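Structure, as structure tokens:
The values are calculated or read from the model by the stated rules, or taken from the named source; none is laboratory data. Not measured: the values here are computed from a predicted model. A quick note on method: Cβ atoms are made from the backbone with ideal geometry, for glycine too, and the neighbour counts reach across all protein chains shown. All accessible areas refer to the heavy atoms of the entire protein, side chains included, with ligands and DNA or RNA removed. Shrake-Rupley method; radii C 1.70, N 1.55, O 1.52, S 1.80 Å.
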Amino acid sequence: MSVKKEASGRRSVQVEVEVPGTPEEVWQAIATGPGISSWFVPTEFEERDGKPVAVTLNFGPGMESRSVVTKWDPPRMFAAQGEGWGGSPPIADEWSVEARGGGICIVRIVHSLFASTDDWDNQLEGTESGWPGFFRILRIYLTHFRGQRSAMMQWIAPAAGTVPEAWETLTAALGLKGVSAGQRWTAPAGVPALSGVVEHVTQSPRNALLRLDKPGPGAAALGAVNYGGSMVTLNFYVYGDQAAGTVARETPLWEAWIQDRFPMPSEPSKSE
């Protein structure tokens, strides 16, 4: 990974992925609210006179990111620009779909900003490093669930110990310790219904991607990260006409399980 630097001061990173589907099908997945929500984070497009003018990504409570659409050329390319991170210059995002032979397309995302120093290069590289995991979910969606309705459950919970210890705790609890890509797997008793095929697993970064048949057809992205302390992340994408009902039924079960396994730290007691 590296930041491309131009004489004008523009700095950019680029990530791409090969996915199945026609340009029109892929465009629906990367340039509509329901499409992006089916593999990334809950997303809404604002429209005026039938044309998108802004896009809002919801990364969690208080973590919304709104960008103004600056270019719109379906099904080939759109671009948007929003506020930077923590005082950085504005960030421009350019999405493109390039048709290849055999029903395959290349999805490409370019993030760029203008700066005279290297102060923001780490943020660009961090953004770049996060896309491959989400692109794997996009590939699962377009391969197995293209065009289906979706609903999502997502949690981030504090975990005791180091990030490796948090990952050990999560994978042991879910029966995922030692599994390999391509292996069928079912969570043990005491875990809400969860089973499917392991699509990807890695120790650096520590995450796993599962294609689910229970609690319904979908995908689960699990991980352990350092986010001001050790955290575990659980993102479930459920597909099909029953997706919303499945999420409504399963959410309280997972909330109880997560609270039991990864309880919020208690406030230190005050001595009298």
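Quick notes on this structure:
- Residues satisfying the stated conditions in the stretch 3-31, i.e. more than 30 Å from Thr143 (Cα to Cα) and touching a residue at least 40 places away in the same chain (Cβ under 8 Å): Val3, Ser8, Gly9, Arg10, Arg11
- Residue in the stretch 200-207 that is buried (at least 19 other Cβ atoms within 10 Å of the Cβ) and of a type in the set (D, E, K, R) present: yes
- Matching residues in the stretch 162-200 - criterion: being over 22 Å from the mean Cα position of the chain (by Cα), under 19 Å from Val232 (Cα atoms) and of a type in the set (D, E, K, R): Glu165, Lys177
- Filtered by the rule that a residue be more than 20 Å from Ser67 (Cα to Cα) and open to solvent by 50 Å² or more (accessible area, probe 1.4 Å), the stretch 78-124 gives Glu98, Ala99, Arg100, Gly101, Gly102, Ser116, Thr117, Asp118, Asp119, Asn122.
- For the stretch 42-63, the tally of residues that are in a loop (DSSP other than H, G, I, E, B) and either open to solvent by 70 Å² or more (accessible area, probe 1.4 Å) or in contact (Cβ under 8 Å) with a residue 24 or more places away in the chain (or both) stands at 7.
- The residue of the stretch 131-159 that is farthest from the chain's Cα centre (by Cα), among those that are assigned to a helix (DSSP H, G or I) and among the basic types (Lys, Arg), is Arg139.
- Search result, residues across the stretch 160-178 that are part of a loop (DSSP other than H, G, I, E, B) and open to solvent by less than 20 Å² (accessible area, probe 1.4 Å): Leu176
- Against the conditions (1) open to solvent by less than 40 Å² (accessible area, probe 1.4 Å); (2) in contact with a strand residue (DSSP E or B) (Cβ under 7 Å, 6 or more places away or on another chain); (3) touching a residue at least 40 places away in the same chain (Cβ under 8 Å); (4) not small (Gly, Ala, Ser), Ile36 satisfies every one except (3).
- Some residue of the stretch 144-155 being open to solvent by 20 Å² or more (accessible area, probe 1.4 Å), in contact with a Leu (Cβ under 8 Å, 6 or more places away or on another chain) and over 27 Å from Gly240 (Cα atoms): no
- Filter pass, Ala193 being on the phi < 0 side of the Ramachandran plot and open to solvent by less than 70 Å² (accessible area, probe 1.4 Å): yes
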